[in-house]
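**Student:** I have a structure I would like to understand better, so I am pasting it below and will then ask my questions one at a time.
The values are calculated or read from the model by the stated rules, or taken from the named source; none is laboratory data. Computed from a prediction, not measured in an experiment: that's the story for all the values here. Cβ sites come from the backbone with ideal geometry, for glycine too, and all protein chains shown count toward neighbours.
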There are 2 protein chains.
Amino acid sequence: MTAELIDLPSLSRLFAPRSVAVIGASSDPMRIGGRPVSFLKSAAFDGPIYPVNPKAPEIQGLHAFANVRDIADPVDLAILAVPGPAVRGAVEDCAAKGVGGIVMFSAGFAEVGEEGRAEQEYLKGIVQDAGIRMMGPNCMGVINFPARMAATFHPAFDVDVRPGGKIGLVSQSGAFGGLCTWMARKRGILMSHVMTTGNEADVEVADCLGFLANDPDTEVILLYIEGCRDGPKMLEALEMARRNEKPIVAIKLGRTDAGAEAAASHTSALAGADTVYDALFKQFGVYRASSIEEFFDIGCAVAIGKLPKSDRVGLITVSGGVGVLMADDATMRGLDVAEMPKAVQAKVKEWVPFAGVRNPLDITGQVLNDPTLLQRAIGLMLDEGGYDSIVAFQGSVGANPEREAVNMKFWQDIVKDAQDAAITISGMSSPEYKQVIEGAGIPVFEEPTHATRALGAMAGFRRAFAQDFNRPKVGASATALTKGTLTEVEALDVLSQADLPTVPYRLTKSADAAVAAAAEFDGPVVAKVVSRAITHKTDIGGVRLGLSDDDAVRDAYDGIMAAATKAAPDADIEGIMIAPMIDNDGAVETILGVHRDPIFGPVVMFGLGGIFVEALKDVVFRVAPFDRDEANRMIREIRAFPVLEGLRGAPPADLEALATALAALSSFAAAHGDAIETIDMNPFLVRPAGQGAIALDAVLVTKS
Amino acid sequence: MTAELIDLPSLSRLFAPRSVAVIGASSDPMRIGGRPVSFLKSAAFDGPIYPVNPKAPEIQGLHAFANVRDIADPVDLAILAVPGPAVRGAVEDCAAKGVGGIVMFSAGFAEVGEEGRAEQEYLKGIVQDAGIRMMGPNCMGVINFPARMAATFHPAFDVDVRPGGKIGLVSQSGAFGGLCTWMARKRGILMSHVMTTGNEADVEVADCLGFLANDPDTEVILLYIEGCRDGPKMLEALEMARRNEKPIVAIKLGRTDAGAEAAASHTSALAGADTVYDALFKQFGVYRASSIEEFFDIGCAVAIGKLPKSDRVGLITVSGGVGVLMADDATMRGLDVAEMPKAVQAKVKEWVPFAGVRNPLDITGQVLNDPTLLQRAIGLMLDEGGYDSIVAFQGSVGANPEREAVNMKFWQDIVKDAQDAAITISGMSSPEYKQVIEGAGIPVFEEPTHATRALGAMAGFRRAFAQDFNRPKVGASATALTKGTLTEVEALDVLSQADLPTVPYRLTKSADAAVAAAAEFDGPVVAKVVSRAITHKTDIGGVRLGLSDDDAVRDAYDGIMAAATKAAPDADIEGIMIAPMIDNDGAVETILGVHRDPIFGPVVMFGLGGIFVEALKDVVFRVAPFDRDEANRMIREIRAFPVLEGLRGAPPADLEALATALAALSSFAAAHGDAIETIDMNPFLVRPAGQGAIALDAVLVTKS
């Protein structure tokens, strides 16, 4: 797929400029216009730096220009550090000069009200006409570490700007970006990029993601997101990242009502519902962190270590208790704590008679007497245990000065011997020990569950990257749908044409025709009024069930017609539909639905019927379209999934038919895009395996 | 209540000895028998230290004795650091001498097999006969910090032993205890006690808990538990801790199958089911941590800060994004993120026009320009916002050397001004800053969600302590139950006598009697065979439903009798029970059950009927007995609780009748203690509010 919404060449001039102008440059390196000049100089940016200030011929030792237009050579990036009233002129100058990108610190735009919003729109018009990519306004800037380029003014970003980092950070909050950058420095972790997006007049979080997904220096992306403006662009960015196997760790706020209210008051972004982001993250293998520490831990682990080839993990510990803790946590994070082969267990028993040997392998305090034990045991697990990954708890080994050098060497040896294995470790360690082991490619944690959590996340990324691409190409549908609420027969027709299994019916316009139609079906039938004006058919007596002979059908036809005419005298009644009463013995009642998210378009919902949806909110979502494999994963996410597998000797439900229907529904919804408001197939009966599924009712509402 | 199972005076001689003998003392301070002498000396233990070693007249500068019997003065504690074969003699010497307690490091007992287990039982007999309290064998020892007493040999416990700590740690794993002690040292946190229990031949984890619950120095207890031996003693310890308002933070391993397997292979303790521990922790307000970091974070926060008076929390932040993160997390942890009064919001708006003012209060980066803003805003929230607690994110304030002194002072002022308020803060901070602020009574975290998590835990402790005591006194029942599986009428009778609402019935022994019985009830009846030998009544045709006239009842009587006689020719048939068919319209089907936990005795289960129990495992447990308040909390814990509140306009269920029944069932079960194997009331119909509840069926199995 070619990128269509994310334009990488133009973003390159913004994020990886070869020359930088600072408009509003100051001689005082502590001022907002002075800091970027000072940062660029101290980072040793290797392109030209052009201070722009009409009042000073020289700024911080550099030749200054009165106006950006006066610079003879090309300017890739212009940093705007001028007060509000001067912004418009500066942007016009940039357009005239033909700069590639603008990073705008200036505040007082959409975040402060209507007038600011209008001015921001005006500026957006100028830059878009001129082909300039703009970050901000009201942002804290960007840093490109390998390019030694720091376009920022905030003291929190006063960090060591040099190549070697692998973590790219995109943040919709400047303060959050600052905190993360400080935490990285404190942990001794280098980053590749820091991008704070501010008001997103032009460049949005999705553009940044797309750029980093294609950046060779960036191996993992940390994303702080409150909401996004352009859903399709976000989808494109997430697809790029998955295709290029760049793990994304995200913090998305507003999980709870209190949080969502706080987010709404904080950001001017249009936020899709939290459940939609959750669905999206699952679809694209994005890891959703719930704290800054977790966010950082996972990001650093990916940057330092490697993704495991399978979920099969060997746990090794010097304390039985910590072994149990790791086994619990690893299991909850989806890792497979598979038992060691018996023959390997026996070998370990020879070394340490009282060792726990199933998995976790507990080599006990014996490691204090035999320093080679840990290395030998890990070697055995990797060579003969069939594990692709190891999580080790090393106790006090890493904080023991006498042992430190020996242990550093053995971890380095392990990495050399087992190049494919993914390893994380925990326990006490000195800062030096941690640095050396991490340098060898093994993330080191204090807390045992953080080592299992990190490996669990990494295994999740590997699974997501290994999946077949699960968003089918769906073209726009050529046929337009009727506007407004479709009648039930219209809804059944269009869904049936979209390969969804729907109940057969006959639309009849006389009692005789109804009787003839009923004869076409085995067993009793149901009769329902068909009229666009009557949406609550049951309430007005427009539905009759269990009609088992000609008289009953005739009575029903006449009775429904009379009731409908009485209830809605002016309604255009199209007729009465006759459909077979479907036996739901042995079938599971489910609900398939679609609703339109304002940002991401059609979102498909699945759940079991009745109280499962209402009381338990046991439903799962995916952004349309998706394939059968994704539908199969989706189905297994509801808590009530065991009901579909068959309870109390009941046969398992036809999961293939269900998955096929969900995928078909998603393609249908995607093809009609924004035209669809909601679809409900309730009940959607899933019969025992091999016997298919069928929608007994359908409601379809389009944008009118 | 007087302590009956936990004997505090004898534990005091063990845990707070005035004199210590070290049997097997060594002159080499690095050896297992040398370390305790060295630790006691370096900690400046202020009682006599008596090294015991038949081969040396002096050990590490102290006069040594050939045998503990040779010591003239009383010996409270004897540390046993002798190899396995010498243990029995040393214990006999201790018994002869009349020591108060033994801490036994020696290994090779129950943990290594049958022979060791037998020797351990023998030693247990000696010490119990002599009135000695023994810790171990196979333990890493105990430390009493205020008493400067370190009875341990492991280098991980080589810490600063001095008064001032408030955290008592009890651990069933020595290595885990060592890791925690190392972490405490690394964080600069003092402890009051460290106790590692080893094989628990005499003193168990519950004794340690009981001692700490009554120890004036200990303000919070950290508990690492894999399982426990004596359930009633554990209940007594938990009750003591709650009564004395000592928060307990627990790590209990074995949540998942993999974890439980690992635990089983690691420990020789008899473990109750994990769900029972979970129930117990909820009942007694114990906070269950799922990582060592969380365990420690909560423990330290309680030791440093204070419990909030209510759940109402004010959040304050210098970053909108972090505010949202805190609001989400605080809400998920049960805190009430209540909106600020409008008048107070207006005052903040005057200071910072773009501030978020609902709650979180986002004072923005403006705090960098106005250092007094944070203090003023917090003062306002406490004085006029109606909050009893504050969680603040201070951004880079605490890592800014220029501001440090000012900010330290303002936090100290806040604590002085608002003595009742519970405060936790997060953000960047230097070690010195953290130390000063924590010294003032405010726990400081880097991670914002750890500050909300800690406050949430502290609010939970406050709620638990404020609850009326919820374990009623239940004496043993005077009436014995029939052995084995009771008949349905017996089960209904005993439950009805225990004030549980059960379906009325008549036991009939002829068709005429059955007809007469049916006439006593309105509407149709049900007939069921009554025989101890027939447990699956339906399977053999022993149940007939919906009998609405005399003939039907007569037919049913004869038919059931014939079927039962045919299916079980030798069975003693007591008759046929006739009961009304109960209309379940508008009622919710639930299940009330009891099962006997081998450690904790009767455990009561509650859930909705059918697939809620089977597929969703949506059930909740409590250890019997408990009162109606506890039953009410229990009912609200199931995910399907909204079903009981009334869905789709259905009336709310009679929750009071349900709670009364659960409490009554728990008292009945407790009164019969170990005699009951299982009780099942399924279905137990809960009718709309005011209309009560009724058990339609009951199964009761006693120990035979």
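**Student:** If A:Arg133 meets every condition in (1) surrounded by fewer than 17 Cβ atoms within 10 Å (Cβ to Cβ); (2) modelled with pLDDT of 95 or more; (3) among the charged types (D, E, K, R); (4) in contact with a Lys or Arg (Cβ under 9 Å, 6 or more places away or on another chain) apart from one, which number is that one?
**Tutor:** That leaves (1) as the condition not met.
**Student:** Need the failing condition index for A:Asp522 against (1) surrounded by fewer than 19 Cβ atoms within 10 Å (Cβ to Cβ); (2) in a helix (DSSP H, G or I), just the number.
**Tutor:** Among (1) surrounded by fewer than 19 Cβ atoms within 10 Å (Cβ to Cβ); (2) in a helix (DSSP H, G or I), the lone unmet condition for A:Asp522 is (2).
Conditions (1) more than 40 Å from the chain's Cα centre (by Cα); (2) surrounded by 19 or more Cβ atoms within 10 Å (Cβ to Cβ), marked per residue:
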site: A:Glu58; (1), (2): yes, no
site: A:Ala72; (1), (2): yes, no
site: A:Leu77; (1), (2): no, yes
site: A:Pro83; (1), (2): no, no
site: A:Glu92; (1), (2): no, no
site: A:Gly98; (1), (2): no, no
site: A:Phe109; (1), (2): no, yes
site: A:Val112; (1), (2): no, no
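**Student:** Another one. Is it true that some residue in the stretch B:393-405 is touching a strand residue (DSSP E or B) at 6+ places or on another chain (Cβ under 9 Å), in a strand (DSSP E or B), within 14 Å of chain A (Cβ to nearest Cβ) and not aromatic (Phe, Trp, Tyr)?
**Tutor:** So far as the stretch B:393-405 goes, yes, one or more of its residues are touching a strand residue (DSSP E or B) at 6+ places or on another chain (Cβ under 9 Å), in a strand (DSSP E or B), within 14 Å of chain A (Cβ to nearest Cβ) and not aromatic (Phe, Trp, Tyr).
**Student:** State the number of residues belonging to the stretch A:158-192 that are within 24 Å of A:Gly24 (Cβ to Cβ), touching a residue at least 40 places away in the same chain (Cβ under 8 Å) and away from chain B (no Cβ under 11 Å).
**Tutor:** Result for the stretch A:158-192: 1.
**Student:** Further question: Looking at the stretch B:328-373 only, could you name the residues that are under 21 Å from B:Pro308 (Cβ atoms) and outside any loop (DSSP other than H, G, I, E, B)?
**Tutor:** Answer for the stretch B:328-373, where residues must be under 21 Å from B:Pro308 (Cβ atoms) and outside any loop (DSSP other than H, G, I, E, B): B:Asp328, B:Asp329, B:Ala330, B:Thr331, B:Met332, B:Asp336, B:Val344, B:Leu361.
**Student:** What number of residues within the stretch A:625-649 are among the aromatic types (Phe, Trp, Tyr) and surrounded by fewer than 18 Cβ atoms within 10 Å (Cβ to Cβ)?
**Tutor:** Qualifying residue count, the stretch A:625-649: 1.
**Student:** Just the residues that are over 21 Å from the mean Cα position of the chain (by Cα), on the phi < 0 side of the Ramachandran plot, outside any helix (DSSP H, G or I) and in contact (Cβ under 8 Å) with a residue 12 or more places away in the chain, please, taken from the stretch B:608-638.
**Tutor:** B:Leu608, B:Gly609, B:Leu616
**Student:** Looking for something surrounded by 18 or more Cβ atoms within 10 Å (Cβ to Cβ) and touching a Pro at 6+ places or on another chain (Cβ under 6 Å) - is there at least one such residue anywhere in the stretch B:416-424? Walk me through it before giving the result.
**Tutor:** Of the stretch B:416-424, the ones surrounded by 18 or more Cβ atoms within 10 Å (Cβ to Cβ) are B:418, B:421-424.
Pick out the ones that are also touching a Pro at 6+ places or on another chain (Cβ under 6 Å) and you get B:422, B:424.
Yes, the stretch B:416-424 has at least one match.
**Student:** I would also like to ask the following. Name the single residue, out of those in the stretch B:277-327 being more than 17 Å from B:Met458 (Cβ to Cβ) and part of a strand (DSSP E or B), that is nearest to the other protein chains (Cβ to nearest Cβ).
**Tutor:** Residue satisfying both the conditions and the ranking: B:Thr317.
**Student:** So, B:Pro9, is that one crowded, with 21+ Cβ neighbours inside 10 Å and either in a helix (DSSP H, G or I) or acidic (Asp, Glu) (or both) or not?
**Tutor:** Taking the combined requirement at face value, the residue does not satisfy it.
**Student:** A follow-up question, please. It is to be established whether one or more residues within the stretch A:476-486 are surrounded by fewer than 21 Cβ atoms within 10 Å (Cβ to Cβ), within 28 Å of the chain's Cα centre (by Cα) and touching a residue at least 60 places away in the same chain (Cβ under 8 Å).
**Tutor:** yes
**Student:** State all residues of the stretch A:368-390 that are crowded, with 22+ Cβ neighbours inside 10 Å and either outside the structural domain of A:Arg462 (by TED's automatic domain parsing) or farther than 13 Å from A:Arg312 by Cα (or both); if no residue qualifies, say none.
**Tutor:** Selection gives A:Leu374, A:Ala377, A:Ile378.
**Student:** Within the stretch A:638-659, track down each residue that is over 23 Å from A:His672 (Cα atoms) and either more than 14 Å from chain B (Cβ to nearest Cβ) or touching a Phe, Trp or Tyr at 6+ places or on another chain (Cβ under 8 Å) (or both).
**Tutor:** A:Ile638, A:Ala640, A:Pro651, A:Asp654, A:Leu655, A:Glu656
**Student:** If you check B:Gln412 against the conditions, is it in a loop (DSSP other than H, G, I, E, B) and away from chain A (no Cβ under 14 Å)?
**Tutor:** Taking the combined requirement at face value, the residue does not satisfy it.
**Student:** Scan the stretch A:86-113 residue by residue and report those that are among the β-branched types (Val, Ile, Thr), part of a helix (DSSP H, G or I) and in contact with a Leu (Cβ under 8 Å, 6 or more places away or on another chain).
**Tutor:** A:Val87, A:Val91
**Student:** What pairs come up if the first residue lies in the stretch A:506-528 and is at positive phi, the second is not polar (S, T, N, Q), and their beta carbons are under 9 Å apart, counting only those six or more places apart or on different chains?
**Tutor:** A:Gly523/A:Pro580; A:Gly523/A:Met581; A:Gly523/A:Asp583
**Student:** Next up: Since B:Tyr50 meets every condition but one in (1) touching a strand residue (DSSP E or B) at 6+ places or on another chain (Cβ under 7 Å); (2) among the aromatic types (Phe, Trp, Tyr); (3) closer than 15 Å to B:Asn138 by Cβ, which condition does it not meet?
**Tutor:** Status for B:Tyr50: all satisfied but (3).
**Student:** Within the stretch B:19-63, which residues are small (Gly, Ala, Ser) and in a loop (DSSP other than H, G, I, E, B)?
**Tutor:** B:Ser19, B:Gly24, B:Ala25, B:Ser26, B:Ser27, B:Gly33, B:Gly34, B:Ala43, B:Ala44, B:Gly47, B:Ala56, B:Gly61
**Student:** Please indicate, with yes or no, whether at least one residue in the stretch B:338-360 is within 22 Å of B:Ala464 (Cα to Cα) and not acidic (Asp, Glu).
**Tutor:** yes
**Student:** Looking at (1) over 18 Å from A:Val103 (Cα atoms); (2) in contact with a Gly (Cβ under 8 Å, 6 or more places away or on another chain), which is the only condition A:Asp76 fails?
**Tutor:** Unmet for A:Asp76, out of (1) over 18 Å from A:Val103 (Cα atoms); (2) in contact with a Gly (Cβ under 8 Å, 6 or more places away or on another chain): (1).
**Student:** Something else about it: Restricting the stretch B:328-355 to residues that are under 11 Å from B:Gly456 (Cα atoms) and of a type in the set (A, V, I, L, M, F, W, C), which is surrounded by the most Cβ atoms within 10 Å (Cβ to Cβ)?
**Tutor:** B:Ala330
**Student:** Scanning the stretch A:525-548 for residues that are among the aliphatic types (A, V, I, L, M) and assigned to a loop (DSSP other than H, G, I, E, B), which turns out surrounded by the most Cβ atoms within 10 Å (Cβ to Cβ)?
**Tutor:** Among those residues, the one meeting the criterion is A:Ile534.
**Student:** In addition: Do the conditions hold for B:Gly690, that is, is it away from chain A (no Cβ under 13 Å) and either of a type in the set (Asp, Glu) or not in a helix (DSSP H, G or I) (or both)?
**Tutor:** Yes; evaluated as a whole, the condition is true for this residue.
Residue-wise test of (1) touching a strand residue (DSSP E or B) at 6+ places or on another chain (Cβ under 7 Å); (2) part of a loop (DSSP other than H, G, I, E, B); (3) surrounded by fewer than 19 Cβ atoms within 10 Å (Cβ to Cβ).
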| site | (1), (2), (3) |
| --- | --- |
| B:Tyr433 | yes, no, no |
| B:Ile442 | yes, yes, no |
| B:Thr449 | no, no, no |
| B:Arg462 | no, no, no |
| B:Phe465 | no, no, yes |
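**Student:** Any residue at all in the stretch A:219-241 that's basic (Lys, Arg) and surrounded by 22 or more Cβ atoms within 10 Å (Cβ to Cβ)?
**Tutor:** no
**Student:** Restrict the check to the stretch A:156-168 and report whether at least one residue is part of a strand (DSSP E or B), surrounded by 20 or more Cβ atoms within 10 Å (Cβ to Cβ) and in the same structural domain as A:Lys252 (by TED's automatic domain parsing).
**Tutor:** Start the filter on the stretch A:156-168 by keeping residues that are part of a strand (DSSP E or B), which leaves A:167-168.
Now restrict to residues that are surrounded by 20 or more Cβ atoms within 10 Å (Cβ to Cβ): A:167-168.
Right, trim to in the same structural domain as A:Lys252 (by TED's automatic domain parsing) and you get A:167-168.
Checked the stretch A:156-168: at least one residue is part of a strand (DSSP E or B), surrounded by 20 or more Cβ atoms within 10 Å (Cβ to Cβ) and in the same structural domain as A:Lys252 (by TED's automatic domain parsing).
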